[in-house]
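The values are calculated or read from the model by the stated rules, or taken from the named source; none is laboratory data. Since we're looking at a predicted model, the values are computed, not measured. Reconstructed Cβ throughout: ideal geometry from the backbone, glycine too, with neighbour counts over all protein chains shown. Accessible surface areas use protein heavy atoms only, side chains included; no ligands, DNA or RNA. Shrake-Rupley method; radii C 1.70, N 1.55, O 1.52, S 1.80 Å.
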Amino acid sequence: MAGGFGSGGAAAGRAELYEGKITGYFILACIVGSFGGSLFGYDLGVSSGVTSMDDFLVKFFPDVYRRKQAHLHETDYCKYDNQVLTLFTSSLYFAGLVSTFGASYVTKRHGRRASIMVGAASFFLGGAINAAAMNIAMLIVGRVLLGVGIGFGNQAVPLYLSEIAPYRIRGAVNQLFQLTTCLGILVADVINYFTDRLHPWGWRLSLGLAMGPATAIFVGALFLPETPNSLVERGHLEEARRVLEKVRGTHKVDAEFEDLKEASQAARAVTGTFRNLLAVRNRPQLIIGALGIPAFQQLSGMNSILFYSPVIFQSLGFGSSAALYSSIITGSMLVVGALISMVTVDRLGRRFLFIEAGIQMVSSMVVVAVILALKFGKGEELSKGVSTVLVVAICLFVVAYGWSWGPLGWLVPSELFPLEMRSAGQSVVVCVNLFWTASVAQCFLAALCHLRWGVFVLFAALIVVMSIFVILLLPETKQVPIEEIWMLFDRHWYWKRIVRRDPKYQGNLHQQQEMSRI
């Protein structure tokens with residue numbers, strides 16, 4: 001079915017005619033494409049570890065290093081409260097925010113694969129500059145190039161995976177992006193654990209190894225097929241059908257190919273793609289997919305833990321090596337959560353995972369806040385028992401995020417947008433996501449310093465709001481073909497009141513009534 005309301009209801013039941021099987025070619029495309037997530041994950045993990053390494057702090061942030069060594073009452077929560085240090089982390093995400101609009105143009109005009117390759121090349125350059133950095137300016141330049149790479153990768157990879165996947169397993173396939181992101185984090189945590197012992201240049205190795213996955217993704221992308229959706233959108237119909245047949249492993253792709261062509265026809269009829277996001281018929285996609293979910297994904301507090309988990313554990317009294325070791329544990333929990341999500345998302349559905357995880361995440365944040373309020377902030381290290389409970393609570397939070405807001409924060413928006421606004425919509429998703437990622441990264445350590453344990457209460461309250469948002473406004477999208485998602489809003493208890501006010505909807509409704517009379 002075409003996106004939006006562009007083609008009426010003729011194809012509403014066509015999805016049951018789709019044929020195909022899981023082919024080796026499809027698996028290869030998914031593996032190579034999904035590795036774009038490893039760039040994002042590696043950076044999340046490596047930057048969090050590097051900012052806690054003594055050699056790195058001595059060279060670039062000596063004031064923070066001196067505060068870190070102090071065990072004074074007033075510095076328990078504030079040892080790392082330095083805006084230049086947080087700028088090292090957040091500058092990447094501000095750069096990604098800006099670059100995603102250029103990524104939208106490349107993705108739409110030249111294909112999803114081209115954006116993945118541009119992102120890999122920029123990430124490679126950023127890793128090289130960071131590894132050779134002699135001053136803060138070089139660090140920031142390198143981070144900006146890394147941000148451009150992430151902006152392009154995060155824009156293209158979720159679209160690529162959602163479009164190339166059969167609709168019955170689209171959720172699991174799309175979540176390969178989150179799985180490789182989590183694996184990137186875990187690999188970076190392990191690398192940081194060992195490079196922390198290589199004085200005084202271990203941090204350079206951690207940052208420079210970002211060039212490894214960037215190279216692998218660029219080379220792999222040379223052999224990737226473009227998605228049939230993108231090829232049809234750009235008018236390459238014969239190639240699109242050839243790729244679709246090869247990916248599906250059958251020549252019987254008429255039904256799916258017709259849906260793609262109808263969606264493309266509707267897309268070409270639309271002008272002002274970004275402006276079209278504001279149309280009444282696209283209001284659900286704008287509010288849920290472009291604004292709500294990507295913002296809430298970051299406001300959950302998870303990325304604060306990912307950015308600064310070694311810093312948090314050190315601030316809470318863990319030694320340097322113990323803090324990095326604890327980060328490996330939380331990174332492992334994230335991988336476990338992603339694997340659970342891949343297995344269950346197309347069975348239990350998106351809403352179930354969102355709601356269950358919300359309850360678990362709120363409970364975990366409350367436990368963390370209570371422990372810190374009662375036991376922390378007295379200039380003393382936490383006892384072994386209390387520290388263990390704290391790590392377990394954080395791990396339960398991380399694993400719940402790993403099967404919910406982490407992967408679903410990318411999956412659900414990539415499903416919602418019709419073809420004519422899919423590239424533009426994904427750009428807004430990435431832009432909003434990176435804006436809140438950068439904002440949280442820039443503000444978290446200051447918030448930890450001033451709000452103390454209250455910052456975790458704040459995150460718990462936000463997770464309650466997020467869960468209510470999902471319960472009230474998000475329809476279940478599991479096993480619904482991507483070109484028919486819009487029909488869910490036409491039947492939703494709230495959104496149907498909005499979308500049916502659109503003049504285009506009324507025109508299509510009249511057309512369908514006339515056809516039914518004939």
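Would you mind classifying the range 179-225 by shape? Square roots of the alpha carbon gyration tensor eigenvalues, ordered a ≥ b ≥ c; an a/c under 1.5 is rounded, otherwise it is prolate if a/b is larger than b/c and oblate if not.
On the way: a/c = 5.41, a/b = 1.99, b/c = 2.71.
In terms of gyration-tensor shape, oblate.
Tell me the per residue accessible area of the range 363-492 using a 1.4 Å probe; a whole number in Å² is fine.
32 Å²
Within the set of other residues whose C-beta is less than 10 Å from the C-beta of Tyr93, count the net charge using Lys and Arg as +1 and Asp and Glu as -1. Kindly include the intermediate steps, with their values, before the conclusion.
Working: positive: Arg143; negative: Asp43.
Cβ neighbours under 10 Å give a net charge of 0.
Local charge sum around Gly349 (other residues, Cβ-Cβ under 15 Å, Lys/Arg +1, Asp/Glu -1)?
On the way: positive: Arg168, Arg170, Arg347, Arg350, Arg351, Lys478; negative: Asp346, Glu356, Glu415, Glu476.
My count for the surroundings of Gly349 gives +2.
Find the all-direction average of the projected area of the Cα convex hull for the range 185-302, expressing the result in square nanometres with one decimal place.
Details: hull surface 48.0 nm².
Averaged projected hull area, Cα only: 12.0 nm².
Which ³J(HN,Hα) values in Hz, rounded to whole numbers, follow from the phi angles of the range 350-367 under the Karplus curve 6.51 cos²θ - 1.76 cosθ + 1.60, where θ = phi - 60° and Gly and Pro get x?
6, 4, 4, 5, 4, 6, 4, 5, x, 4, 5, 5, 4, 4, 5, 5, 5, 4
Could you please state, rounded to a whole Å, how far the C-alpha centre of the range 237-267 is from the C-alpha centre of the range 142-173?
Distance between centres, Cα-based: 21 Å.
If you take every residue apart from Ala221 with its C-beta less than 13 Å away from the C-beta of Ala221, what net charge results, scoring Lys and Arg +1 and Asp and Glu -1?
Numbers: positive: Arg112, Arg113; negative: Glu226.
Around Ala221, the charge tally is +1.
Does the range 420-496 come out rounded, prolate or oblate, given a ≥ b ≥ c as the square roots of the eigenvalues of its C-alpha gyration tensor, rounded meaning a/c under 1.5 and, failing that, prolate meaning a/b above b/c?
On the way: a/c = 4.04, a/b = 1.83, b/c = 2.21.
Oblate is the answer for the range 420-496, as a/c is 1.5 or above yet b/c matches or exceeds a/b.
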